[in-house]
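J.: Below you'll find the structure I mean.
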Amino acid sequence: CTEGPIDLVFVIDGSKSLGEENFEVVKQFVTGIIDSLTISPKAARVGLLQYSTQVRTEFTLRNFNSAKDMKKAVAHMKYMGKGSMTGLALKHMFERSFTQGEGARPLSTRVPKVAIVFTDGRAQDDVS
């Protein structure tokens, strides 16, 4: 996905069971992916959600036009460290993250919409 446009949303587990050290590893991994993309309104747009007992939009697809600013936001992201509501996070992502209001391109443009979910696999709610 380094060539051509893409709307990419990261959904990151910030639960207590993941642990703060692993949360930092995930942040580094996300930064590496951002480095591999061409970030611009016409190329890659990236959003990021963190979830625990709640879902927090760290940034939407429309918030940043440069990898530098995006990586700064990832670096400053604070670990939530509570429960693990993975189903709630996925519902939020499906219903909101890929909307035009949050910066996604219209379906008619045929821009791929991709979500990458990071989780330790221990959900406290229904993920179906």
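J.: Does any residue in the range 11-24 that is among the hydroxyl-bearing types (Ser, Thr, Tyr) come within less than 8 Å, Cβ to Cβ, of a residue that is assigned to a loop (DSSP other than H, G, I, E, B) and open to solvent by less than 10 Å² (accessible area, probe 1.4 Å) six or more places away or on a different chain, and which pairs are these?
T.: Close Cβ pairs satisfying both conditions: SER15/SER52; SER15/SER84; SER17/SER84.
J.: Let me ask something additional. Scan the range 103-128 residue by residue and report those that are out of contact with any helix residue (DSSP H, G or I) (no Cβ under 6 Å at 6 or more places or on another chain) and either of a type in the set (D, E, K, R) or under 20 Å from SER15 (Cβ atoms) (or both).
T.: Those that are out of contact with any helix residue (DSSP H, G or I) (no Cβ under 6 Å at 6 or more places or on another chain) and either of a type in the set (D, E, K, R) or under 20 Å from SER15 (Cβ atoms) (or both): ARG105, ARG110, LYS113, ILE116, VAL117, ASP120, GLY121, ARG122, GLN124, SER128.
J.: Here's another thing I want to ask about it. Any residue in the range 27-41 that's among the aliphatic types (A, V, I, L, M): show its pairings with residues that are surrounded by 15 or more Cβ atoms within 10 Å (Cβ to Cβ) and in a helix (DSSP H, G or I) at Cβ separation under 6 Å, as long as the two are six or more apart or on different chains.
T.: VAL30/VAL74; ILE34/ALA67; ILE34/MET70; ILE34/LYS71; ILE39/ALA67
J.: Do any residues in the range 60-87 that are at positive phi have Cβ atoms under 9 Å from those of residues that are aromatic (Phe, Trp, Tyr), where the two are at least six apart or on different chains, and which pairs are they?
T.: From residues that are at positive phi, the pairs are GLY81/PHE23.
J.: For the range 116-128, give me each residue that is small (Gly, Ala, Ser) and surrounded by 14 or more Cβ atoms within 10 Å (Cβ to Cβ). Let's see the steps before the verdict.
T.: Going through the range 116-128, the residues small (Gly, Ala, Ser) turn out to be 121, 123, 128.
Once the filter is applied, which keeps residues that are small (Gly, Ala, Ser) and surrounded by 14 or more Cβ atoms within 10 Å (Cβ to Cβ), the range 116-128 yields only ALA123.
The values are calculated or read from the model by the stated rules, or taken from the named source; none is laboratory data. Because the structure is predicted, anything quoted here is derived from the model rather than measured. In this analysis, Cβ positions are derived from the backbone assuming ideal geometry, glycine residues included, and neighbour counts consider all displayed protein chains. Please note that ligands, DNA and RNA were not included when accessible areas were found on the heavy atoms of the full protein model with its side chains. Shrake-Rupley method; radii C 1.70, N 1.55, O 1.52, S 1.80 Å.
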